[in-house]
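Read-outs throughout are calculated quantities, based only on the coordinates presented, and are distinct from any laboratory measurement. Since the structure is predicted, the reported quantities are computational estimates derived from the model, not experimental observations. Cβ atoms come from the backbone with ideal geometry, glycine included; neighbour counts cover every protein chain shown.
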Amino acid sequence: MNFDIKRQESNSRGHLILRALFGYIYIAIPFLVVWGIFSIALYFINLINFFRLLFTGKYSEGAWSWNERMIRWQLRYSAVMGNLVDGYPAIGLNGSHPNVHFSVPYREEFPNWRVMIRGVWGASMLAPFVFISIFLGIAQSFVSFIAFWAILFTGQFPEGMFNFVVKVMRFSIRFQVWLTFLTEGYPQLNLQVGEKIVTEAENKNIKW
């Protein structure tokens with residue numbers, strides 16, 4: 001998994017105030033409506049792909065692409081609404097943001113037994129992640145609140161706070177990627193994993 005958000009040298013106070021006052025109207029509502037519709041389609045795509053994986057051990061490239069682009073779209077929205085980057089998060093599967101990067105190199109083969117284990121025990125295997133995520137979410141909210149005022153008065157998202165928020169986002173996305181079978185091994189419960197974007201060749205040797 002390759003995920004990174006490039007920190008801006010300066011953040012727009014105007015964009016910050018606009019998002020704080022009206023962001024839920026002109027950013028959140030369009031995103032939730034359109035993304036929600038696409039999510040329904042993705043549910044059926046993943047359902048079909050689950051049985052394909054179970055019986056053939058092969059991941060549909062089309063399903064892989066849908067999952068990857070949906071997560072990338074979600075990250076664009078989260079980065080903008082979290083004041084990590086300025087601009088408007090492009091709507092749609094083919095959208096992009098120059099400061100937000102996410103990809104998972106495609107791998108067709110997937111062990112059938114892992115599919116079966118996740119299908120049966122996947123929810124219970126998420127318990128440690130959910131427990132840790134509650135505390136990380138609280139910490140992230142606190143950090144983001146302070147960062148809002150820092151941007152308002154200084155025009156910059158403090159680097160330490162920025163890095164922490166990105167790490168928490170990366171932590172969450174690792175499990176989303178795992179749940180959709182885009183990665184094989186159980187993701188580590190560690191904020192330090194995946195600090196850099198890796199090449200496709202390196203990715204084949206790392207199970208995040």
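To make sure I understand, if each residue's beta carbon is the centre and we count other beta carbons within 10 Å, what order do Glu68, Glu108 fall in, fewest to most? Working shown, then result.
Working: Glu68 20, Glu108 11.
Ascending Cβ contact count within 10 Å gives the list Glu108, Glu68.
Take every Cα pair under 8 Å whose residues are at least 6 apart in sequence, average their separation, divide by the length of the chain, and the relative contact order is 31 percent.
Given the rule -39500 (n - 2.57) for each run of at least 4 DSSP H residues, summed and divided by the residues of the chain, what is its mean residue ellipticity at 222 nm, to the nearest 500 deg cm²/dmol? Let's see the in-between values first.
Values: 7 runs with 127 residues, N = 208.
Rounded to the nearest 500, the figure is -20500 deg cm²/dmol.
Compute the angle between helix 159-179 and the longest alpha-carbon principal axis of the chain, please, reported from 0 to 90 degrees and rounded to the nearest 10. Between the helix axis and the principal axis of the chain, the angle is about 20 degrees. Packing, as the average of other Cβ atoms within 10 Å across residues, places the peptides 132-140, 11-19, 97-105 in the order 97-105, 11-19, 132-140, highest first. How far is helix 29-56 tilted, in degrees, relative to the longest principal axis of the Cα atoms in the chain, given as a value from 0 to 90 rounded to the nearest 10? With rounding to tens, the tilt is 20 degrees. Quick check: the angle from helix 61-81's long axis to the longest principal axis of the chain, C-alpha only, nearest 10 degrees? Here the helix axis deviates by roughly 20 degrees.
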